[in-house]
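These notes concern the structure reproduced below.
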Amino acid sequence: MFSAQVMNLEIQGYSYRGVDIAGPLQTGSVFENIYINNNNGSNLFTSSADAGAEFGQCSSSGTVSNTDISEISINQLNVEWATVANAIRFCGVAGANIGAVHIEQITLRSNFAGLIDWRNSSDRIGALSVYYTPIKTSGWYVARLWDSTNQTANVSSLYNETMFDIGVLNLHGLNDGSQVTSGNGLTGISNFYIFDRETSAVGSYVVRVGIMSGRRTRAIARSIRPRLTTRIR
């Protein structure tokens, strides 16, 4: 997809992924007001790679070569009511303008997985909201980060940081809501963290949550490197 515009799209019921943008020459496209709902997984095949939306082409260890996405705009992406491996996957996405993302009533199928799966990508999400997500697994994360090797510039004296940046993070009713026994919340949940890094990942990430104003930035996590998990409760 090259220089395309996708707007005001409602997806109700999918068997594998609600949105799947992959392949070479993916640049310059705009996605706005996309609503994805899978009726709580009633139409879903059980797969370790299913997702509400996937941008880029993921592999088991990172991304597929020559399928990177650049200069993509995403605003008001809603992924709701599904049982999936991940709500949204970003694989080899750089230079993106990601505005508002809303995740609600998403159940992760596997242990040690994130609502957002982030591989070889360097971008900023303006506002990320997570509402009423059941937590039925051990090792549950808002975002899980993998390799960052595709984003390292091979230019001397150029300091290029690979970023995962969230302007506003809104977490509401985690492990609560209509799919969870009232009042459970985070009581008894094991291995719950906001961010996690796969221990075998290659390269480093700078992870930041906050609002930048001039030179002042509130950062929750400055850097996440391989074999290090930044734990934010």
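The values are calculated or read from the model by the stated rules, or taken from the named source; none is laboratory data. Just so we're clear, the structure is a prediction, and the values are computed from it rather than from any experiment. All Cβ positions, glycine included, derive from the backbone under ideal geometry; neighbour counts span all protein chains shown.
Brief remarks on what is shown
- Filter pass, Asn33 being more than 14 Å from Phe90 (Cα to Cα), assigned to a strand (DSSP E or B), polar (S, T, N, Q) and at pLDDT 70 or above: yes
- No other residue among Gly95, Gly139 is in contact with a Phe, Trp or Tyr (Cβ under 6 Å, 6 or more places away or on another chain), surrounded by fewer than 19 Cβ atoms within 10 Å (Cβ to Cβ), at positive phi and of a type outside the set (A, V, I, L, M, F, W, C) apart from Gly139.
- Val101, sole failed condition from (1) farther than 17 Å from Phe31 by Cα; (2) within 13 Å of the chain's Cα centre (by Cα): (1)
- Filter result (assigned to a strand (DSSP E or B) and either surrounded by fewer than 24 Cβ atoms within 10 Å (Cβ to Cβ) or touching a Ser or Thr at 6+ places or on another chain (Cβ under 7 Å) (or both)) within segment 104-114: Glu104, Gln105, Ile106, Thr107, Leu108, Ala113
- Qualifying position, being exposed (fewer than 15 other Cβ atoms within 10 Å of the Cβ) and at pLDDT 80 or above, among Asn43, Asn86, Asn39, Asn78: Asn39
- Of all residues in segment 64-75, those that are farther than 16 Å from Phe2 by Cβ have Cβ atoms under 7 Å from Cβ atoms of residues that are modelled with pLDDT of 80 or more and assigned to a loop (DSSP other than H, G, I, E, B), 6 or more apart or on another chain, in Val64/Gln57.
- Residue within segment 154-163 that is part of a strand (DSSP E or B) and modelled with pLDDT of 90 or more present: no
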